[in-house]
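Peer 1: After the structure tokens below, expect a handful of questions from me.
Coordinate-derived values only; no laboratory data. What you are looking at is a predicted structure, and each value in this text was computed from that prediction instead of being measured. Backbone-built Cβ (ideal geometry, glycine too); neighbour counts: all protein chains shown.
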Amino acid sequence: MTTSAPALFRFDNALRRRAEHAEEQVHLTPGYVLEPVRKALGGRIELDPCTTPDNPVGADRFFALPDDGASRP
């Protein structure tokens, strides 16, 4: 796998930002990011430390609120 190729996509956080008063502040990783990651990892993602209870990434293991995946080993 080469890392010298230019990025095909750039994130525009201004488009993803929600107002502070919005009911939901969930920002899930878009499919165009997940698919190359899955391919690089052999077709599966083992851990998603911050997702929603329905596990849209399809990770083998995941944490969703109220669990804090960032505090886990």
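Peer 1: Summing +1 for each Lys or Arg and -1 for each Asp or Glu, what net charge is found among the other residues whose Cβ lies under 14 Å from the Cβ of Arg72?
Peer 2: Residues close to Arg72 contribute a combined charge of -3.
Peer 1: If each residue of separation counts as 0.36 nm, what is the full-extension length gain between Leu41 and Ala19 once their alpha-carbon separation is subtracted?
Peer 2: Length difference between fully extended and current span is 4.5 nm.
Peer 1: Count the net charge of all other residues whose Cβ sits under 15 Å from the Cβ of Leu47, scoring Lys and Arg as +1 and Asp and Glu as -1.
Peer 2: Residues close to Leu47 contribute a combined charge of -1.
Peer 1: Sorting check: for 30-36, 57-63, which peptide has the highest mean count of neighbouring beta carbons within 10 Å, and how do the rest follow?
Peer 2: 57-63, 30-36
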